[in-house]
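Working notes, structure below.
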Amino acid sequence: MLNKKITTIFISIILVCSLVTVSFARVNTKAYNDIKQIIERFYDLSYDIFIDFEMKDISSVLNKKSKFGRNYISYIKNSIVENKYYMLMGYSEFKLRRLAILVSILDIKIEGNNAIVKVNVGGDNNEAYPMFICLGENTFNLKKNEGHWLIESIQTDDKLFKLLNENEFKEEKEEEVYDRIDEENGIKKGERYSIITKRYLLKVMKILRQVSNPNIYLIALEEELYLKVID
């Protein structure tokens with residue numbers, strides 16, 4: 001009789017442990033999938049910003065209040081203004097295309113509402129990727145708030161990401177960005193608008209020669225020009 005009771009208790013313990021293990025595995029699987037989606041979405045949104053030259057709402061994946069989050073957003077906004085102006089002035093040309101990457105989770109450690117995730121970002125080493133993509137190993141720190149994971153910081157061997165984690169970046173005024181880039185390219189402030197006007201008019205003349213109906217030249221301009229002239 002005693003042996004039967006012991007056997008029953010032993011089986012009950014095994015069943016309870018099994019249920020706990022299954023439940024824990026389900027929680028971990030959900031957390032793993034949620035975190036992987038957040039990281040992949042971070043790259044997708046960053047690429048959308050890069051391609052469109054337009055800031056997007058990335059608060060669904062990045063904690064904007066963290067030091068890294070604040071710096072990343074400020075840096076991206078400054079980059080949008082810089083890249084637009086580089087193209088407008090003809091200082092540089094950008095090949096805007098989305099290069100394929102493969103995000104693989106190498107290791108994930110979850111403690112309560114915090115997660116440290118080692119990620120390998122795979123791609124073509126012969127291609128030039130945007131600044132937010134560092135091929136190789138990246139370490140993501142995430143925090144869960146109200147049931148939702150957000151990226152707190154990203155550590156890589158890249159110098160820029162080290163600065164984004166350590167320094168304070170501020171969003172620059174557009175005029176300050178223009179003056180800085182002009183100075184880097186040997187253009188005095190008073191010369192800026194004459195250069196823009198000349199290039200803009202040449203572009204307009206080129207487009208007008210290509211369209212048969214002058215009434216639709218504005219549509220052609222919208223399709224042909226990447227940027228508008230600064231007022």
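The values are calculated or read from the model by the stated rules, or taken from the named source; none is laboratory data. Only a predicted model underlies this, so the values are computations on that prediction, with no experimental measurement involved. Cβ placement follows ideal geometry from the backbone for every residue including glycine, while neighbour counts extend to all protein chains displayed.
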Exercise for the section: Evaluate region 91-109: report whether one residue or more is buried (at least 17 other Cβ atoms within 10 Å of the Cβ) and more than 22 Å from Asp34 (Cβ to Cβ). Expected result: no
Exercise for the section: Of the numbered conditions (1) surrounded by fewer than 16 Cβ atoms within 10 Å (Cβ to Cβ); (2) part of a helix (DSSP H, G or I); (3) at pLDDT 90 or above, Asn120 fails exactly one; give the number of that condition. Expected result: (2)
Practice task
Take region 125-182 and flag every residue that is β-branched (Val, Ile, Thr) and surrounded by fewer than 17 Cβ atoms within 10 Å (Cβ to Cβ).
Solution key: Thr139
Exercise for the section: Please name all residue pairs, on different chains or six or more residues apart, with Cβ atoms under 6 Å, provided the first residue is in region 153-173 and is on the phi > 0 side of the Ramachandran plot and the second residue is crowded, with 16+ Cβ neighbours inside 10 Å. Expected result: none
Practice task
Considering only region 55-70, state which residues are touching a strand residue (DSSP E or B) at 6+ places or on another chain (Cβ under 8 Å) and not in a loop (DSSP other than H, G, I, E, B).
Solution key: Leu62, Lys67, Phe68, Gly69
Fill in the blank from the handout: Selection over region 128-160 where residues are among the small types (Gly, Ala, Ser) and part of a loop (DSSP other than H, G, I, E, B) yields a count of 2
Fill in the blank from the handout: Among Lys84, Lys77, Lys36, the single one that is farther than 16 Å from Glu152 by Cβ, touching an Asp or Glu at 6+ places or on another chain (Cβ under 8 Å) and touching a residue at least 60 places away in the same chain (Cβ under 8 Å) is Lys77
Handout entry: In region 110-150, the residues that are within 17 Å of Lys30 (Cα to Cα) and either in contact with an Asp or Glu (Cβ under 6 Å, 6 or more places away or on another chain) or among the hydrophobic types (A, V, I, L, M, F, W, C) (or both)
Key = Ile110, Ala115, Ile116, Val117, Leu142, Lys143, Trp149, Leu150
Exercise for the section: Could you please tell me which pairs satisfy a Cβ distance under 6 Å, a separation of 6+ or placement on different chains, a first residue in region 47-65 that is assigned by TED's automatic domain parsing to the domain that holds Lys170 and surrounded by 13 or more Cβ atoms within 10 Å (Cβ to Cβ), and a second residue that is outside any strand (DSSP E or B) and of a type in the set (Gly, Ala, Ser)? Expected result: Leu62/Gly69; Asn63/Gly69
